[in-house]
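Take a look at the structure below.
The values are calculated or read from the model by the stated rules, or taken from the named source; none is laboratory data. What you see is a predicted model; the values in this text were computed from it and never measured. Counting neighbours? That spans all protein chains shown, and the Cβs are built from the backbone with ideal geometry, glycine included.
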Amino acid sequence: MNGLPERVEQQVQRIVESEGLELVHIDYRRQGHAFLLRIDIDKEGGVTIDDCSLVSQQVSAWLDVEDPIPAEYELQVSSPGLDRKFYRTSDYEKFVGRLVRVKTSKAVRGLHVIVGTLKQFDGATVVVTDPVVKKDPDYAIPLADIKETRLEVEI
C-alpha cells in the first residue's frame, strides 16, 4: 500500500461496509507529481454511480477533516470492473464456477496463461477447467505460483 496510513484503510473499510458495500481493493500510488488513492467497491448485482459518489463524498469528507495523507492526492472510487482482479483468497472461494484468466510465474503443463472455469479452491491450489481440452482438462495451479487472476468477461 505504498505509504498509506493503516488508519485510512480501516476508516475506508468502515465507510464502505456501513453502506452495505464490499471493499475490493485500495490502491495508493504516485501518479505524476501527486498520488492517486483509488478505492474499488462492489455489491451483489454491481455498484452504481450513486454508490461510488456516496462513498467518495464520505471518504473525502473524512480525509478533509482528519488530513491523514500528507501529500497531494486524487481520490477515485469505482467498480472493480467486469474483468475484476483477485486480491484475496476469498475471491477464489467467491467465484468458483466462473470463467477466469490465471497468469502464472511457472508454467503449468507448458502454459503461463490458463483460461477456463474456476472449478475449485482448497486454500493452496486453484483448479481451472478448460472445456476445450478433451483429455485432462483440469489445471491444478499452486496459489504460490499465481501472478494474477481475473474474471474473464463472459459474453
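Some observations on this one:
- Some residue of segment 135-145 being touching a Phe, Trp or Tyr at 6+ places or on another chain (Cβ under 7 Å) and β-branched (Val, Ile, Thr): no
Yes or no, residue by residue, for (1) over 21 Å from residue 15 (Cα atoms); (2) not assigned by TED's automatic domain parsing to the domain that holds residue 112:
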| position | (1), (2) |
| --- | --- |
| 53 | no, yes |
| 57 | no, yes |
| 64 | no, yes |
| 71 | yes, yes |
| 94 | yes, no |
| 98 | yes, no |
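- Scan of segment 99-117 for residues that are over 12 Å from residue 128 (Cα atoms), surrounded by 14 or more Cβ atoms within 10 Å (Cβ to Cβ) and among the polar types (S, T, N, Q), ordered by number: 104
- Restricting attention to segment 97-130, the residues that are part of a loop (DSSP other than H, G, I, E, B), more than 25 Å from residue 81 (Cα to Cα) and in contact (Cβ under 8 Å) with a residue 12 or more places away in the chain total 2.
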